[in-house]
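A short write-up of the structure that comes next.
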Amino acid sequence: MNAGKRIEKIKNWILDYCGESMPIKPKCLVIGVSGGIDSAVTSTICALTGMKTFVISMPIKQVKIQDDLSKTHCNWLEEKFKNIEVKNIGLDSVFDQFQSALANHNSEHAYANSKARIRMTTLYQVAGSSNGIVIGTGNKVEDFGVGFYTKYGDGGVDISPIADCTKTQIWEMGKELKILDDIIKAEPTDGLWLDGRTDASQLGMTYQELEEAMKDPKNKNHKKYLEIRNKNLHKMNPIPVCKMDD
């Protein structure tokens, strides 16, 4: 399937989901943007549906270049689509208070995940106040390959339109949609760290390497891929439940 057909299929899938499959039809779509290719492509496809779409930029101690790319994409969407409403919700002060209240539980990694959960809560507040649904931006490698997302953070969404698309396919859709080159070429990052660390530096593999390892058990990186995946299976598996006998 080429990029154009993939975009059309995702757009129609969103519209179908928001139509007959829902007891109460959502009035809008709510999506967070980070300045990365996944959220840029997903938000643009949401705009193509013609539905009212809230595009939310939520900087929390953000590296400037990431925040700039996010805002630039928001401006591009506003100029291109009439159904887009952009909101820039700065969450520095919220995170400062959270961090201060939990100073006795200091952990850089836990705080990074908490940033993602604060953003998730923000998206659901906007969605809840507007009769909308929260749109996920996770791709196939992240969501179903290595589990590279925050549990109940960026993993907390209502629907995941691009979760069956590889990163390569998303880059192809980005070019088809004429997403800004700076976003397409930007090194993938989750935007949760003060040092701006990339996804590849955290995972120890690039997305291209992960895709190849996922497809081919004989690939030289397959064992490493499985090691990353196994650490994160708790995110992808159903929540364990203690079953009763009666």
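Since every read-out is calculated from the coordinates, none of them should be taken as a lab result. Here the structure is a predicted model, which means the values were calculated and not measured. Counting neighbours? That spans all protein chains shown, and the Cβs are built from the backbone with ideal geometry, glycine included.
P(r) tail for segment 100-246: Cα pairs beyond 20 Å make up 58% of the total. Cβ-Cβ distance of His222 and Lys151, R₀ of 41 Å, FRET efficiency by 1/(1 + (r/R0)^6): the value works out to about 0.95.
Would you mind classifying the chain by shape? Square roots of the alpha carbon gyration tensor eigenvalues, ordered a ≥ b ≥ c; an a/c under 1.5 is rounded, otherwise it is prolate if a/b is larger than b/c and oblate if not. Rounded, because the longest to shortest axis ratio a/c is under 1.5.
Within the shell of other residues whose beta carbon sits under 11 angstrom from the beta carbon of Leu194, the net charge comes to +1, with Lys and Arg scored +1 and Asp and Glu -1. Put in order of Cβ neighbour count within 10 Å, fewest first, the listed residues Asp68, Asp181 become Asp181, Asp68.
With the highest mean first, a sort of the peptides 88-96, 192-200 on other beta-carbon atoms found within 10 angstrom per residue produces 192-200, 88-96. The chymotrypsin sites (Phe, Trp or Tyr not before Pro) of segment 22-82 include none that meets both criteria, a DSSP state outside H, G, I, E and B (loop) and at most 12 other C-beta atoms within 10 angstrom of the site's C-beta. The mean sequence distance of close C-alpha pairs (under 8 Å, at least 6 residues apart), as a share of the length of the chain, puts its relative contact order at 22 percent. Using 0.36 nm per residue and subtracting the Cα-Cα separation, the extra length available between Gln97 and Asp181 on full extension is 26.6 nm. From its DSSP helices (H runs of at least four residues, each -39,500 (n - 2.57)), the chain gives a residue-normalised ellipticity at 222 nm of -14500 deg cm²/dmol.
Here His222, His73 are placed in order of increasing Cβ neighbour count within 10 Å, fewest first, which gives His222, His73. Which links in Lys82/Lys178; Lys167/Lys223; Lys11/Lys115; Lys185/Lys215; Lys25/Lys167; Lys178/Lys218 stretch past 27 Å when you go from one Cα to the other? Lys11/Lys115; Lys25/Lys167; Lys178/Lys218, as the Cα separations exceed 27 Å there.
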